[in-house]
Every structure is written in C-alpha cells, then in structure tokens.
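One structure is given here, and the rest of the page talks about it.
Every read-out reported here was derived from the displayed coordinates using simple, explicitly stated rules and does not represent laboratory data. Small disclaimer: the values here were computed from a predicted structure and weren't measured. Using ideal geometry, Cβ is built from the backbone for each residue, glycine included, and neighbour counts are taken over all protein chains shown.
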Amino acid sequence: MNRLLNVGRRANLLGALAVIAMAASMAATAAAPRLDESQLSALGFKVLVATTKVQQDWVRTLPPGQMKAMQRNGKKFFVYPDASRSQIYVGGPAEYDAYVKQHPEEQKRVQSAQDAAAKTSEYRVKQGAAMQAATTRDLSNPFLGASWADLGW
C-alpha cells in the first residue's frame, strides 16, 4: 500500500512539472507585441481577409508581430499578419517607408538581417573561389594529387 502511495505522489509530481514546463514554454513563446492595426491602415496598408482554409493556414505561418517582405510579379510588398482575425495588412515600399519612420526598431531588425545576409554571401564567394582553385588544380593534374611514390613505384 505504501508503495502505491509513492507511485501516486510521483505521478502527481510529474504532472505538476509537466504543467510548469508547459506554462514556461508558453510564456517564452508569447506573441510579439502587437501593432495598432488602425495605424497601419492610416499609413496606407490594405487589409486582405483570408477566406479559404489555405489562406488562413498561410496567415498563421507568418511570424507574428513582424513585417515580411515579399515579391510577386516583380513588385515588392510588405505584409503584416493578424492571425487572430485571419487577415493581413499589405503595403508597398512607400507604405513601408512610412512605417519604418514611425518604428525605427524595424529598421534595426532589417539591417541586422541584411548584415547577416552580406556575411553569408561574402563567405560563399570566398568558398566558391577556393573550390574553383581546387578544381583547377585537380583538372591540371592527371593523377589528382597522387605521385609515383604514392603508387609504390
């Protein structure tokens, strides 16, 4: 009987730990601070309501609280999701510039992403040059780096 009580206490303890862990993870992944959507409308962003299931799923996949740059048919758009209402706010470069003037932290986020992309591009160019040199070296050597001594002669 005492053994059953210990098992029950352990189960209660594990359940309590699971609830605490779940609450901590929900607090860590809390939604980003919401923007005032009326402000976006005032800046010229258009509201598009997701009417189909596919559109609603797509709106939910967008990062909450962040503008996302997109391109379609050669035109650049900026999208701000409102998943709770299944809608997005869409604007062009002019509307986005007005938004950045009111929210300088957005420009910092974009600048840090651009810096990371530039570093990645620089690294790829450097690696591409190294691979090109290695390929040229390998193509100029019929033994691909092996010498007569390596062949046991």
Rounded if a/c is under 1.5, else prolate if a/b beats b/c, else oblate: with a ≥ b ≥ c from the C-alpha gyration tensor eigenvalues square-rooted, which is region 31-102?
oblate
For the Lys75, Val125 Cβ pair and Förster radius 41 Å, calculated FRET efficiency rounded to 0.05 is 0.90
Would you mind checking which residues have amide H under 5 Å from Gln87's amide H? H placed 1.01 Å from N; only 5 or more apart, or other chain.
Ala50, Asp82
